[in-house]
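Only one structure is covered here, and it is reproduced in the block below.
Since every read-out is calculated from the coordinates, none of them should be taken as a lab result. Owing to the predicted nature of the structure, the values given are computational and were not obtained by experimental measurement. Don't worry about glycine lacking a Cβ; one is built from the backbone with ideal geometry, like all the others, and counts go over all protein chains shown.
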Amino acid sequence: MRTAIITAPRGLSDATYKALCDGIERARGESFAFQRVDDDALLGGFVINIEGEVQDRSILSQLKRLRVHLSE
Amino acid sequence: MEGFDIAKLPLDLLINLLNIFLLYLIVRRFVYKPVRKFLDARTARVAAAAAEADKKSAEAGRLKSEYEALLADSQARAREVILQGRKKAEEEAAAVLADARKEADGQFRDAAERIAAEHEASVKAMNKEIAALAVDISEKLLAREITERDNARIAEEFLAGSGALSARETVK
């Protein structure tokens, strides 16, 4: 079973976390061993890391992209 | 004194006349001709001297004309040299002035370009600073304002994008 790490702020509720885990398993068609990592610096959203494959949906990354776009 | 002898008068007269004639011949031969010769020579010398003087006078006139022509030519050349020199000086001055103007224009253009570039850089830096400030403020506001509902919506959008959720399985 592959490991999937979900990094999110502490404000992410358990229900949302569980829905995420279930949704990922459904979309991938496989089971994962999920790990949760709390990181309030993300502000909101989450980051999913499946053995090096990263999907970043955090507010922090969006703000970073906005900062880069505005400074161009 | 003997008395005047009339019978002898013609003979005396003849002798006198003969004496006079002989005297004339002698004077003519020994006095008149040399003197004439002397006078003629002197006249010739005088004429030759006059001719020589005329010749020299003519030569002097010719030389004077030549000198005046040379002088006029030299003066004309000198004027030409002065004019050429003046013209060259004016051309060089104009060239120096044109170079100076060109350099000044170039420096002005460079300065204007530099100013414009600095202005643009300043505006960019200011925009960058404003953007960074706006993002910082947004970050601080979002840190306070993000709710669980917002997190749930982000999760829904993520899962809908991966085609994992159906309409029944929305996040509460």
* Other chains' Cβ within 10 Å of A:39-48 residues: what's the mean? -> 4
* Residue-count net charge about B:Val35 - beta-carbon cut-off 11 Å; Lys, Arg +1, Asp, Glu -1 -> +4
* To do: Give, rounded to the nearest 20 debye, the magnitude of the charge dipole that chain A has about its Cα centre when Lys and Arg contribute +1 at Cβ and Asp and Glu contribute -1 at Cβ.
  => 140 debye
* Highest-first arrangement of A:40-48, B:102-110, where packing means the average Cβ count within 10 Å -> A:40-48, B:102-110
* Treating the angle as unsigned and between 0 and 90°, give the value, to the nearest 10°, between the Cα long axis of helix A:59-71 and the longest Cα principal axis of chain A. => 30 degrees
* For the pair B:Asn19 and B:Asp136, how long in nm is the line joining their label points, each one 7 Å along Cα→Cβ? -> 16.7 nm
* What is the mean number of Cβ atoms from other protein chains located within 10 Å of the Cβ atom of each residue in peptide A:25-33, rounded to a whole number? -> 2
* Structure fact -> Per-residue ellipticity at 222 nm attributable to helices in chain B (runs of n ≥ 4 DSSP H, -39500 (n - 2.57) apiece, nearest 500 deg cm²/dmol) works out to -31500 deg cm²/dmol
* **Selection from B:Val35, B:Leu83, B:Gly106 lying farthest towards where the dipole of chain B points positive, charges on Cβ** => B:Val35
* Cα principal axis extents for segment B:72-165, largest first, Å -> 116, 31, 6
* To do: Would you mind pulling out the separation of the Cα centroids of segment B:52-99 and segment B:119-144, in Å?
  => 82 Å
* Among B:Ala143, B:Ala93, B:Met126, pick out the residue whose Cα is farthest towards the positive end of the charge dipole of the protein assembly as shown, where Lys and Arg carry +1 and Asp and Glu carry -1 on C-beta, about the Cα centre. => B:Ala93
